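The structure appears below as structure tokens.
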Amino acid sequence: MAAALGASGYDATDRAEEADMILLNTCHIREKAAEKVYSELGRLKALKLDNPDLRIGVAGCVAQAEGNEIMRRQPAVDLVVGPQAYHRLPEMARRAAAGDRVIDTEFPAEDKFDHLPRGPKMRRAPAAFLTVQEGCDKFCAFCVVPYTRGAEVSRPASRILAEARDLVERGVVEITLLGQNVNAYHGAGPDGDWSLARLIRELARVDGLERIRFTTSHPGDMADDLIEAIGSEARLMPYLHLPVQSGSDRILAAMNRKHTAESYIRLIERIRAARPDLMLSGDFIVGFPGETEADFADTMALVDEVVYGQAYSFKYSPRPGTPAAGKDPVPDVDKSDRLARLQALLGVQQRAAQDAMVGRVVQVLFERAGRREGQLVGKSEYLHAVHAICDVSSIGRILPVRITESAPNSLAGVLV
Ligand code: SAH
Ligand code: SF4
């Protein structure tokens, strides 16, 4: 979006009061995220009093799902653009600047990635994201993604490789391959469709690209070749985000997850056999319609058995248009109580995984200055944030650090 606007003459600013255009990028995955958009818009519209030329836009999945409602509820909004129409932003911005209210939430036939302006060859931060696929065909009963982002589409491998080389030329050393269902990737290659594993193997040959990650995966798409790549590809980092959502087979079936607790546990065993030092991360939903205390106990048991180094957990949030939305809700007090218990358990595991790093030497990609004088912050191969005293010239380099301290959300250490 920044590149698209940059190509039509806009410069970036950190100060909202200076802006001619403010675009909110939004998330529709839970109600809380969507509601924040309206309160933020309420705040931003005051800026129009001082700057009548200011244009306010909403992008992302809330724009996609509620575009007309946004226009109705907040007259200060000039522009609404869904995720598949970002390449049309220059034209939309021009019309908005001329005084029109514009909305585009189409799923156009052309691929936005082919039409997005590239922007000038700017230096980039050492770690970057690269979208390889979008959309999802899984239709988990709680999830809006298949509706807001549409059917699963994989980008051609050649384009991803070209973009990766371009990022490396701009100073990027670590790329996280992104997709709503990234391990379902099956993009066209020169010799037929490539799997995610094949794509990773080719990316690992790009000179200067030291680290590769990918997110988010579905357990059902964890193919053998991908597990093999996790075990053998040195540039693929030993960190895997593999959401399970629940430990109850009854709830997993109601969620339409297409896996059981047992099949997930066996899968994790296979992945860990391939890569014993793997740091595992997951997502959990508590209070899905129909979830009983016994179902929740199954989730706690699964967490106990699997052991996570990192995790995200949420209260179930009914999303408009999804199959589970009309079902018998779990009372909010129960949801809150279960979430607190689950987060306590996950917190203990996360802390233990972090504390276990103390005394070890990890490889840190330094990304930026830390809060303290002379300190840099970077990421270990296990995605822990690591602080160390280090010269700024080391930003963008991967250096060995001996961990000396484990704080609540980060590690500290000394260069070896
Ligand atoms: N494609 C990924 C992630 C999708 S969204 C996957 O299949 O796991 C990220 C996370 O948000 C999900 O894993 C889920 O835990 C959570 N989430 C999605 N919809 C939700 C809802 N309606 N209520 C609460 N949490 C939700
Ligand atoms: Fe949503 Fe992920 Fe399920 Fe797709 S696989 S419907 S993105 S939770």
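General remarks:
- Verdict on Glu91 being among the acidic types (Asp, Glu) and under 15 Å from Met1 (Cβ atoms): yes
- Some residue of region 123-132 being open to solvent by less than 20 Å² (accessible area, probe 1.4 Å) and within 16 Å of ligand 2 (Cβ to nearest atom): yes
- Conditions (1) under 16 Å from Gln350 (Cα atoms); (2) open to solvent by 10 Å² or more (accessible area, probe 1.4 Å); (3) not in a loop (DSSP other than H, G, I, E, B): number failed by Asp277: (3)
- Yes/no for Ala141 being in a helix (DSSP H, G or I) and either within 16 Å of ligand 2 (Cβ to nearest atom) or more than 24 Å from Gln64 (Cβ to Cβ) (or both): no
- Taking region 323-332 as the range and being buried (at least 18 other Cβ atoms within 10 Å of the Cβ) and within 11 Å of ligand 1 (Cβ to nearest atom) as the test, only Ala324 passes.
- Residue that is surrounded by the most Cβ atoms within 10 Å (Cβ to Cβ) [pool: residues in region 67-77 that are among the charged types (D, E, K, R) and over 13 Å from Glu40 (Cβ atoms)]: Glu69
- Evaluation of Arg368 against the conditions (1) touching a helix residue (DSSP H, G or I) at 6+ places or on another chain (Cβ under 8 Å); (2) touching a residue at least 60 places away in the same chain (Cβ under 8 Å); (3) open to solvent by 70 Å² or more (accessible area, probe 1.4 Å) shows that the sole unmet condition is (1).
- Qualifying residue in region 375-383 (condition: in the same structural domain as Glu405 (by TED's automatic domain parsing), outside any helix (DSSP H, G or I) and β-branched (Val, Ile, Thr)): yes
- Within the set Thr176, Thr148, the sole residue that is within 16 Å of ligand 1 (Cβ to nearest atom) and modelled with pLDDT under 95 turns out to be Thr148.
- In region 253-274, the residues that are outside any loop (DSSP other than H, G, I, E, B) and aliphatic (A, V, I, L, M): Ala253, Ala254, Ala261, Ile265, Leu267, Ile268, Ile271, Ala273, Ala274
Here is a yes/no grid of residues against (1) open to solvent by 10 Å² or more (accessible area, probe 1.4 Å); (2) within 16 Å of ligand 2 (Cβ to nearest atom); (3) at pLDDT 95 or above:
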{"residue": "Arg55", "(1), (2), (3)": "yes, no, yes"}
{"residue": "Val58", "(1), (2), (3)": "no, no, yes"}
{"residue": "Leu79", "(1), (2), (3)": "no, no, yes"}
{"residue": "Glu91", "(1), (2), (3)": "yes, no, no"}
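- If the condition is being away from ligand 2 (no atom under 16 Å from the Cβ), open to solvent by 60 Å² or more (accessible area, probe 1.4 Å) and closer than 18 Å to Gly282 by Cβ, then region 293-322 contributes Asp298, Asp304, Glu305, Val307.
- Yes/no for Thr148 being among the hydroxyl-bearing types (Ser, Thr, Tyr) and buried (at least 18 other Cβ atoms within 10 Å of the Cβ): yes
- Single match in Leu240, Leu209 (criterion: more than 16 Å from ligand 1 (Cβ to nearest atom) and closer than 27 Å to Asp166 by Cα): Leu209
- Residue within region 360-374 that is outside any helix (DSSP H, G or I), in contact with an Asp or Glu (Cβ under 9 Å, 6 or more places away or on another chain), over 24 Å from His241 (Cβ atoms) and within 16 Å of ligand 2 (Cβ to nearest atom) present: no
The values are calculated or read from the model by the stated rules, or taken from the named source; none is laboratory data. The structure displayed is predicted, hence computed values, not measured ones. For neighbour counting, all protein chains shown are included, and Cβ atoms are generated from backbone atoms with ideal geometry for every residue, glycine included. All accessible areas refer to the heavy atoms of the entire protein, side chains included, with ligands and DNA or RNA removed. Shrake-Rupley method; radii C 1.70, N 1.55, O 1.52, S 1.80 Å.
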